[in-house]
Amino acid sequence: MILTPAVQIEQVCRSYKSGAGRIMAIDNLTCTIAAGAQIALIGPSGSGKTTLLSLLGALERPDSGKIALFGEEINGLNEAAAAVFRRQNIGFIFQDDALMPELTVAENVTLPLILIKTAAREIKQRVGEILTDLNLQQFSRSFPQSLSGGEKQRVAVARAVIHQPKLLLADEPTANLDRRAADKVLDTIAKLAATSGLTVIMATHDPRVYQRFPRKLEMCDGKLMCGC
Amino acid sequence: MNFWLRFALRSCLRRRRRTLITLLGIAFGVATMVVLGAVMVGVNDTMIKNAVAIHTGNVVLQGDSVPSAQALTRVNKLADSLPAVDDRIKTVLPRLHFPVLLTADQRSLPLNIVAVTPKLEALQTPIAGRMVSGKYFADSQGLVLGAAAADKLGIEVGDQVFLITRAQRSAIKVSGIFSLGVAGLDQGIGFIALARLPTLPAGSVNYEMAIFCSPGSDLRKVAARVRDLSLPSEKVRLWDDVLPDVAQLVKLNEFSMLIMVALVVIILGFGVANALLMSVMDRYRSFAVLKAIGVRPREIFIVIMAEAFFMGLLAAVIGTILGSLVTLIWSGFGLDLSHYTSSNPLFSVNSTVYPRLAPVMVLVPQAAALGAGILAAVWPALVAGRRSVNQVMRGL
Ligand SMILES: Nc1ncnc2c1ncn2[C@@H]1O[C@H](COP(=O)(O)OP(=O)(O)OP(=O)(O)O)[C@@H](O)[C@H]1O
Ligand SMILES: [Mg+2]
């Protein structure tokens, strides 16, 4: 049986205006990632990691080329359709500061489920489960500002996976955490990935992070160096 | 409650100080409009009341020129039947008019005599309170006339004068002199009691029933009921039909108030837009994260609009309550405008204005402020959803 790959990127270019000229943030990139793979996206600063994640999350449109996730082409989606695609298929984790300050921890985690119109009872049950799983149940009624950086990031992980997406995109999720907190977040992600068959793509500079990943994609100047 | 509405409410509550300042700004604007509106309504009330008291009543039934005996019978009948027609009718005053030449010694003056029922009339007319000499109908025998007329003829209270009509000439004693400060009235009108009429050679008279209604009554409805009782030869008119100059002044007043409201609303709108835009710009990051999670721009738009709606609604309610309170307290002692109105015939009778809350003038500022708040939120709400996630996350 041939599985549909999680990610198919064909000759994708994305450039940005920069002063007088243009910067090729992604330069004619082609690559395929199998479903269920866990991949570290590495490369020097400015090599295009964040840009690639944005393209994969349909937050950005490529100038040219094709991007398909799980067989569905996403480069042609308009903004609203892209949002709907994201809420169903993608979980995002940012470097920091990504929780809604006006919502409690539990409500933050609830957000993706509300977007896919989950029944109230199921929401309650699933949020309870995941907070317990990630050892966050004692914070469920707290507001994010009272949590430590590591705790916040674990809440962000919970929010990114609560709706059981097929693809988790993480952009340096541990860059602002100390060793122990970082390990805890990474352990959490690894555990979730192992149990759910989630495809994970995580951008990072940190060798101690990418060493944990079986497969690495290295970028340089918008191109892939090796690994594909 | 819908999640996005709850989210909007939380956002407002979280930015308590900013919300409060915006809210107080709107509330103050609404309160100001409510109070100013009430003052305007009060000014109009006073003008109408003054004009109506002397001239027409709120609704007037006017009869053709008929012999005085016939007119008397008719007005007596109407005085009995009209008050029962509609419970908005407070008082009905019969008034019979006829022109005379008033003479004393060698001098004479044309005068319009109005025959009235002194006791009832005294309750409505300002003239009873404006006597400069004698009394307003100490008995039902005398003539009450204006100071200007008395001066012209050189007469005082107690003097005898003659009323000359085409038919006859008859003597009457001056029993009171009033001064309203309005030339036409002080020189042109004299009052006698209805009871005196049969003894005078009035000939033909015009009669009317001045009908006074409780404040805020729907005069059209009252008029319709009165019309049902009237004879084909009688006309039932509203005061604004009889006194178009006063009606126009009232309209002019309302129009300038409308311009005021529009101005305040526009200023409020810009204030709200500014406050919301700042709040949106502070939260670009939040909105970017929401979009990354899969929230559509439309939903972000709804959140901002809902915030504006909540704030506008609460502010409108607070402002209305505040404005109404101020108005109610103020209406207890009124506002003396005599300094600004002493030469204005419409205020010469009574220059104290009592601010009054008219439903329209309370609801218009409220609706306008709410509308302006919501309209002002459109631009910030669009801005909130439009920023690209990538740009926000890079701090661009
Ligand atoms: N919106 C933008 N406007 C202008 N230039 C941009 C924009 N987004 C990205 N770039 C440029 O594209 C290039 C790739 O940037 P990107 O953020 O993807 O790199 P990165 O690998 O994530 O770097 P880092 O490791 O520092 O996060 C950089 O040169 C960056 O300046
Ligand atoms: Mg980056």
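Here segment B:57-165 yields Rg over Rh of 1.00, to two decimals, using C-alpha coordinates and the Kirkwood radius. Springs join every pair of Cα atoms under 10 Å in this Gaussian network model of chain A, and among A:Val161, A:Val84, A:Val200 the largest mean-square fluctuation is at A:Val84.
Over chain B, with every protein chain in place, what whole percent of the accessible area is carbon and sulfur at 1.4 Å, could you tell me? Answer for chain B: carbon and sulfur cover 61 percent of the accessible area. Counting charges near B:Lys173 (Lys, Arg +1; Asp, Glu -1) among other residues having Cβ under 12 Å from its Cβ returns a value of -2. Given their separation in residues at 0.36 nm each and the Cα-Cα distance between them, B:Asn2 and B:Asp228 gain 75.8 nm when the chain is fully extended. Extending 7 Å from the Cα toward the beta-carbon at both A:Asn28 and B:Val132 defines two label points whose distance is 10.7 nm.
Comparing each chain alone with all protein chains together (probe 1.4 Å, DNA, RNA and ligands left out), the residues of segment A:28-71 losing at least 10 Å² of accessible area are A:Thr50, A:Thr51, A:Ser54, A:Leu59, A:Glu60.
A drop of at least 20 square angstrom in accessible area, chain alone versus all protein chains together, probe 1.4 Å. Which residues of segment B:377-396 meet that? Those residues are B:Val389, B:Asn390, B:Met393, B:Arg394. Within segment B:294-312, find all residues whose amide N lies under 13 Å from a label point positioned 7 Å from the Cα of A:Ala80 along Cα-to-beta-carbon. Only B:296-302 pass the distance filter. For B:Ser65 and B:Leu263, the FRET efficiency from 1/(1 + (r/R0)^6), where r spans their Cβ atoms and R0 equals 35 Å, is about 0.10. Among the DSSP helices (H) of chain B, those spanning at least 27 angstrom by Cα along their long axis with an average Kyte-Doolittle hydropathy of 1.0 or more are B:16-55, B:244-282, B:297-333, B:359-386; this is a geometric and hydropathy rule only.
Panel note: contact residues of segment B:280-303 (accessible area lowered by at least 10 Å² against the chain on its own; 1.4 Å probe) correspond to B:Arg285, B:Ser286, B:Val289, B:Leu290, B:Lys291, B:Ala292, B:Ile293, B:Gly294, B:Val295, B:Arg296, B:Pro297, B:Glu299.
The Cα-based radius of gyration and maximum Cα-Cα distance (Dmax) for chain A are 17.5, 55 Å. The length gained by stretching the chain between B:Ala183 and B:Asp151 to full extension, at 0.36 nm per residue less their Cα-Cα distance, is 10.3 nm.
Based on the convex hull around the alpha carbon atoms, chain B presents an average projected area of 24.8 nm².
If you wrap the Cα atoms of segment B:56-242 in a convex hull and average its projected area over all directions, you get 10.1 nm². Working from label points 7 Å from Cα in the Cα-to-Cβ sense, the A:Tyr16 to B:Leu382 distance is 2.6 nm.
Amide H to amide H, with H built 1.01 Å from N, B:Phe178 comes under 5 Å of B:Val132, B:Leu145, B:Gly146, B:Ala147, counting only residues 5 or more places away or on other chains.
At 1.4 Å probe radius, can you tell me the per residue accessible area of the protein assembly as shown in Å²?
46
Each other residue within a Cβ distance under 14 Å of B:Gln62 adds +1 if Lys or Arg and -1 if Asp or Glu, for a net charge of +1.
Working note: Karplus 6.51/-1.76/1.60 with θ = phi - 60° gives segment B:236-242 the couplings 10, 10, 8, 4, 6, 7, 7 Hz, where Gly and Pro are set to x.
The distance from the alpha carbon centre of segment A:125-200 to that of segment B:269-286 is 31 Å, rounded to a whole number. Heavy atoms of chains A and B lose about 2400 Å² of accessible surface on contact, summed over both sides with a 1.4 Å probe.
With R₀ fixed at 41 Å, the C-beta to C-beta distance from B:Asn253 to B:Leu123 puts the FRET efficiency at about 0.90. Find out how many positive minus negative residues lie around B:Arg386, taking Lys and Arg as positive, Asp and Glu as negative, among other residues whose Cβ is under 13 Å from that of B:Arg386. Combined, the nearby Lys, Arg, Asp and Glu give +3. Per atom type, segment A:108-205 shows carbon and sulfur on 49% of its accessible surface, probed at 1.4 Å.
Approximating the spin labels as points 7 Å out from Cα along Cα→Cβ, the B:Arg220-to-B:Lys90 distance works out to 2.3 nm.
The values are calculated or read from the model by the stated rules, or taken from the named source; none is laboratory data. Given the structure is predicted, the values throughout are model-derived calculations rather than measurements. We place every Cβ from the backbone using ideal geometry, glycine too, and count neighbours over all the protein chains shown. Note: accessible area is taken over every heavy atom of the protein model, side chains too, but ligands, DNA and RNA are not part of it. Shrake-Rupley method; radii C 1.70, N 1.55, O 1.52, S 1.80 Å.
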